[in-house]
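The values are calculated or read from the model by the stated rules, or taken from the named source; none is laboratory data. Given the structure is predicted, the values throughout are model-derived calculations rather than measurements. Cβ placement follows ideal geometry from the backbone for every residue including glycine, while neighbour counts extend to all protein chains displayed.
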Amino acid sequence: MIASQSEKLASTIRSQVTSSGYEVVGMTSNGYDLIRRCKALAPAVVIVDEELPGMSIVSLVEILIQQRQAVLLVGMSYQRFYYRQDPYFEFCEKPVQPVVLLTMLRILVKYGQTVRQLESKVNRLEKIQKEEKTIRLAKRTLQQNEQMSEDEAHRYIQKRSMELRISKLEVAEIILKKK
């Protein structure tokens, strides 16, 4: 996604990016429209001209980064962003040098892929942990209410899961609802 009010800059960046094998999923010339399009299209990286109208560029960058959107800001001065030590943010000085632009783009794309993979793994692990906790609670409920040992409760859940052809988690949730 490219966001610039300058058609010349946008078309220059577009040709550099596409000639290197990247796809440009959209172009806009307004900050509010950029935020809306990023939510809808989820581009890997947004290349933003610091002179983009519609809202403060600092606010725009902050909003995009909070949404986990990688931002490559193209501008005249890095000073307004010197504090920005964020892996979702890179700065490319005008006039845009193709080598610098593409290097920054590669870094942001690679980092974004790595972060998304790690977030996916964390989400899976959190889901597994929650499922295991639910099953442990169901076992504890069986131990208390049915005077079963932990092994008996485990085997009961396992057996019911096979008999009903549902997951152990679903059996555990049924047990906890009856509680």
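Do we have any residue at all in segment 98-105 that's surrounded by 12 or more Cβ atoms within 10 Å (Cβ to Cβ), free of Cβ contacts under 8 Å to residues at least 24 places away in the same chain and out of contact with any Pro (no Cβ under 8 Å at 6 or more places or on another chain)?
yes
Tell me the residue from Thr141, Thr114, Thr134 that is outside the structural domain of Gln67 (by TED's automatic domain parsing), part of a helix (DSSP H, G or I), out of contact with any strand residue (DSSP E or B) (no Cβ under 6 Å at 6 or more places or on another chain) and exposed (fewer than 14 other Cβ atoms within 10 Å of the Cβ), please.
Details: Thr141 fails: exposed (fewer than 14 other Cβ atoms within 10 Å of the Cβ); Thr134 fails: exposed (fewer than 14 other Cβ atoms within 10 Å of the Cβ).
Selected residue: Thr114, the only one of Thr141, Thr114, Thr134 that is outside the structural domain of Gln67 (by TED's automatic domain parsing), part of a helix (DSSP H, G or I), out of contact with any strand residue (DSSP E or B) (no Cβ under 6 Å at 6 or more places or on another chain) and exposed (fewer than 14 other Cβ atoms within 10 Å of the Cβ).
Name the residues in segment 88-139 that are under 30 Å from Ile175 (Cα atoms) and of a type in the set (A, V, I, L, M), would you?
Of all residues in segment 88-139, those under 30 Å from Ile175 (Cα atoms) come to 120-139.
Val122, Leu125, Ile128, Ile135, Leu137, Ala138 - these are the residues of segment 88-139 that are under 30 Å from Ile175 (Cα atoms) and of a type in the set (A, V, I, L, M).
Considering (1) assigned to a loop (DSSP other than H, G, I, E, B); (2) farther than 14 Å from Leu105 by Cβ, say which one Arg37 fails and leave the rest.
Failed condition: (1).
On the basis of being touching an Asp or Glu at 6+ places or on another chain (Cβ under 7 Å) and either free of Cβ contacts under 8 Å to residues at least 40 places away in the same chain or within 17 Å of Leu176 (Cα to Cα) (or both), does Gln143 make the cut? Write out each step before concluding.
Numbers: touching an Asp or Glu at 6+ places or on another chain (Cβ under 7 Å): yes; either free of Cβ contacts under 8 Å to residues at least 40 places away in the same chain or within 17 Å of Leu176 (Cα to Cα) (or both): yes.
So Gln143 passes the test.
Testing Arg37 on (1) surrounded by fewer than 18 Cβ atoms within 10 Å (Cβ to Cβ); (2) touching a Ser or Thr at 6+ places or on another chain (Cβ under 8 Å); (3) not aliphatic (A, V, I, L, M), one condition comes back false. Which one is that?
(1)
Restricting the search to segment 13-27, which residues are surrounded by 15 or more Cβ atoms within 10 Å (Cβ to Cβ) and in a helix (DSSP H, G or I)?
Ile13, Arg14, Gln16, Val17
Does segment 66-84 include one or more residues that are of a type in the set (A, V, I, L, M, F, W, C), free of Cβ contacts under 8 Å to residues at least 12 places away in the same chain, surrounded by 11 or more Cβ atoms within 10 Å (Cβ to Cβ) and part of a helix (DSSP H, G or I)? Can you show your working first?
Of segment 66-84, the ones of a type in the set (A, V, I, L, M, F, W, C) are 70-74, 76, 81.
Imposing the further condition that a residue be free of Cβ contacts under 8 Å to residues at least 12 places away in the same chain reduces the set to none.
Checking segment 66-84: not a single residue is of a type in the set (A, V, I, L, M, F, W, C), free of Cβ contacts under 8 Å to residues at least 12 places away in the same chain, surrounded by 11 or more Cβ atoms within 10 Å (Cβ to Cβ) and part of a helix (DSSP H, G or I).
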